[in-house]
Amino acid sequence: MITIAHISDLHCSKTGFRPKRLATCVKEVNRLRPDAVVVTGDLTLNGYRKEYEIARKYLSALKPKTLIVPGNHDARLCGYEYFDEFFGHGNNSLDLDGVHIIGVDTTVPDLDEGNIGRGKLRWLVGELCKRPRSHLRVVAMHHHLIPVPNTGRERSSIANAGTVLDALIKEGVDMVLCGHRHTPHSWIVDSLVIVNAGSPSAVKLRANIPNSYNIIRIDDGSIEISIKEMGGKERAVAHYVTSSSEKGLVVSRRR
């Protein structure tokens, strides 16, 4: 079994941030001992260097392998330069046993909406082609590809989401991990599972949604998505079945 902790939207800052809850998140994840931690952006609130220093303090305490991509808040006020300095390039990858995770930077400096331009999309497709379709292939990004329920008026998603979604499905991607809306949810489109994470430490939350992160368990023939509330119980919210075909893995939903 491969276990992935999926964290997003930390929003480290002087305001709008709950440090004790992020500390709890780090402790819980280290206790869980997943094979990898995927952080899908918005490490900071304003892209300030001091905020990046706070984010690095917490994220460097994570013991598992970690893949991190930036979010729109991280690209404010030239904050993307600090992201590269503290965490490396936003386009990166992590290969596990039979599971491949590719991180892509969807940010546009000083804009809330995201974009994956033609050059970056070609790079992403090229990286996918290096990984066998018989393995589970995951793409991590900050911005959501399709609207998330109960998040109000739709805005600030990926500007060319339709083009990106079409390319990912054609390339046989099995799962997309994203954040941005501070609301956990999972979809399946064709055979592509799209998983949104909540936030473990942001003050800005919608309705009665608590601070949380996702736990994803990948086993032979199955994928389970759970939500872990901060300091609370873990709750399984979606189950998927995987099967092999001539074109690679096929993912379908089960109750």
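The values are calculated or read from the model by the stated rules, or taken from the named source; none is laboratory data. Predicted model only: the values in this text are computed from it and were never measured. Quick reminder, even Gly has a Cβ in these numbers, built from the backbone with ideal geometry, and neighbours come from all protein chains shown.
Looking only at residues in the stretch 228-243 that are under 18 Å from residue 1 (Cβ atoms) and loosely packed, with under 12 Cβ neighbours inside 10 Å, the one that is farthest from the chain's Cα centre (by Cα) is 243.
The single residue among 47, 41 that is buried (at least 20 other Cβ atoms within 10 Å of the Cβ), among the small types (Gly, Ala, Ser) and within 18 Å of the chain's Cα centre (by Cα) turns out to be 41. If the condition is being out of contact with any helix residue (DSSP H, G or I) (no Cβ under 8 Å at 6 or more places or on another chain) and either small (Gly, Ala, Ser) or more than 30 Å from residue 208 (Cβ to Cβ) (or both), then the stretch 142-164 contributes 152, 157, 159, 160, 161, 162. In the stretch 56-114, the residue that is surrounded by the fewest Cβ atoms within 10 Å (Cβ to Cβ) out of those that are among the hydroxyl-bearing types (Ser, Thr, Tyr) and under 18 Å from the mean Cα position of the chain (by Cα) is 60. Taking the conditions exactly as written (at pLDDT below 95, among the hydrophobic types (A, V, I, L, M, F, W, C) and over 16 Å from the mean Cα position of the chain (by Cα)), does residue 125 satisfy them or not? No: the conditions fail for residue 125. Contact map, the stretch 137-155: first residue of a type in the set (Ser, Thr, Tyr), second residue buried (at least 24 other Cβ atoms within 10 Å of the Cβ) and modelled with pLDDT of 95 or more, Cβ cut-off under 7 Å, separation 6 or more or different chains; the map is empty. Listed by first and then second residue, the pairs with beta-carbon distance under 8 Å, at least 6 apart or on different chains, first residue in the stretch 193-219 and at positive phi, second modelled with pLDDT under 95, are 207/150. What number of residues within the stretch 99-119 satisfy the criterion of being in contact with a Cys (Cβ under 8 Å, 6 or more places away or on another chain) and within 26 Å of residue 136 (Cβ to Cβ)? The number of residues fulfilling the criteria is 0.
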